[in-house]
Amino acid sequence: MYPTRQKAEELLIEAGKCNPGPWEAHSRVTADCACKIARAVSGLDAEKAYVVGLLHDIGRKFGVKHLGHVYDGWRYMSELGYDEAARICLSHSFNEGKLENYIGKFDITEEETEELRLALAAMKFDEYDKLIQLCDSLAAAEGVVDMKERMEDIRRRYGQYPQSKWDKNMELKTYFEQKAGKDIYTVVGGISAE
Ligand SMILES: [Fe+2]
């Protein structure tokens with residue numbers, strides 16, 4: 001289950017009012033990329049891709065948090081019955097499926113961390129999980145960016161970026177490029193932000 005596009009837009013607007021920030025624009029860029037890539041490959045529903053992309057960071061509604069935004073989004077979407085959006089709130093931050101590779105603060109309780117760890121371990125990533133993992137790394141608030149530059153930027157801000165996570169992002173890019181038969185930047189309409 002996931003909400004309609006209109007309901008998802010409403011949820012994002014409401015969340016943006018609770019905690020204004022560039023994350024709202026980043027969510028829109030992510031959704032747009034996901035929709036375009038889904039249209040370019042076979043077997044993916046572009047509407048679902050858009051909606052789950054739009055909601056992947058919805059946990060930011062509840063304040064400025066690191067791992068907390070993953071937990072809050074996962075819980076929030078689950079409580080509303082949107083299990084397919086909830087799983088994306090969780091999976092988007094862990095392209096290697098490992099909680100310990102999270103870049104940022106572990107700002108939730110040990111019990112909550114354990115809950116996430118178990119949920120993540122039980123998950124087998126599907127096409128939408130992979131798609132939003134990729135789009136998250138293509139989307140800045142200003143628009144589509146060069147993935148390598150975005151990862152460099154995170155490396156600078158957080159002081160590190162695990163090589164294996166970097167490689168996994170490049171692997172996801174290649175995966176969808178092969179499915180689309182095109183360069184990913186062509187699919188999403190080119191790099192739009194520096
Ligand atoms: Fe994101």
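The values are calculated or read from the model by the stated rules, or taken from the named source; none is laboratory data. What you are looking at is a predicted structure, and each value in this text was computed from that prediction instead of being measured. All Cβ positions, even for glycine, are placed from backbone atoms using ideal geometry, and neighbour counts span all protein chains on display.
Specify the residue that is surrounded by the fewest Cβ atoms within 10 Å (Cβ to Cβ); the eligible residues are those in the range 94-151 that are aromatic (Phe, Trp, Tyr) and farther than 19 Å from CYS35 by Cβ.
PHE106
State whether the residues of the range 152-163 include one that is surrounded by 16 or more Cβ atoms within 10 Å (Cβ to Cβ), β-branched (Val, Ile, Thr) and closer than 21 Å to LYS48 by Cα. Lay out the reasoning, then the answer.
Of the residues in the range 152-163, the ones surrounded by 16 or more Cβ atoms within 10 Å (Cβ to Cβ) are 154, 161.
Still in the list and also β-branched (Val, Ile, Thr): 154.
This time we only want the ones that are closer than 21 Å to LYS48 by Cα, so: none.
Checked the range 152-163: no residue is surrounded by 16 or more Cβ atoms within 10 Å (Cβ to Cβ), β-branched (Val, Ile, Thr) and closer than 21 Å to LYS48 by Cα.
Considering only the range 138-167, how many residues are at positive phi and within 16 Å of the ligand (Cβ to nearest atom)?
Total meeting the criteria: 1.
Here are CYS33, CYS89: which of them is in contact with a strand residue (DSSP E or B) (Cβ under 7 Å, 6 or more places away or on another chain) and modelled with pLDDT of 95 or more?
Residue meeting the stated conditions: CYS33.
Among the residues of the range 77-93, how many are under 19 Å from CYS33 (Cβ atoms) and outside any helix (DSSP H, G or I)?
2
Residue-wise test of (1) in a helix (DSSP H, G or I); (2) away from the ligand (no atom under 12 Å from the Cβ); (3) in contact with a Ser or Thr (Cβ under 9 Å, 6 or more places away or on another chain); (4) basic (Lys, Arg).
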{"position": "GLU10", "(1), (2), (3), (4)": "yes, yes, no, no"}
{"position": "GLU14", "(1), (2), (3), (4)": "yes, yes, no, no"}
{"position": "GLU24", "(1), (2), (3), (4)": "yes, no, no, no"}
{"position": "ALA31", "(1), (2), (3), (4)": "yes, no, no, no"}
{"position": "GLY59", "(1), (2), (3), (4)": "yes, no, no, no"}
{"position": "HIS69", "(1), (2), (3), (4)": "yes, no, yes, no"}
{"position": "ARG75", "(1), (2), (3), (4)": "yes, yes, no, yes"}
{"position": "GLY97", "(1), (2), (3), (4)": "no, yes, yes, no"}
{"position": "GLU100", "(1), (2), (3), (4)": "yes, yes, no, no"}
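In the range 1-21, how many are under 20 Å from HIS66 (Cβ atoms) and in contact with a Gly (Cβ under 7 Å, 6 or more places away or on another chain)?
The total comes to 1.
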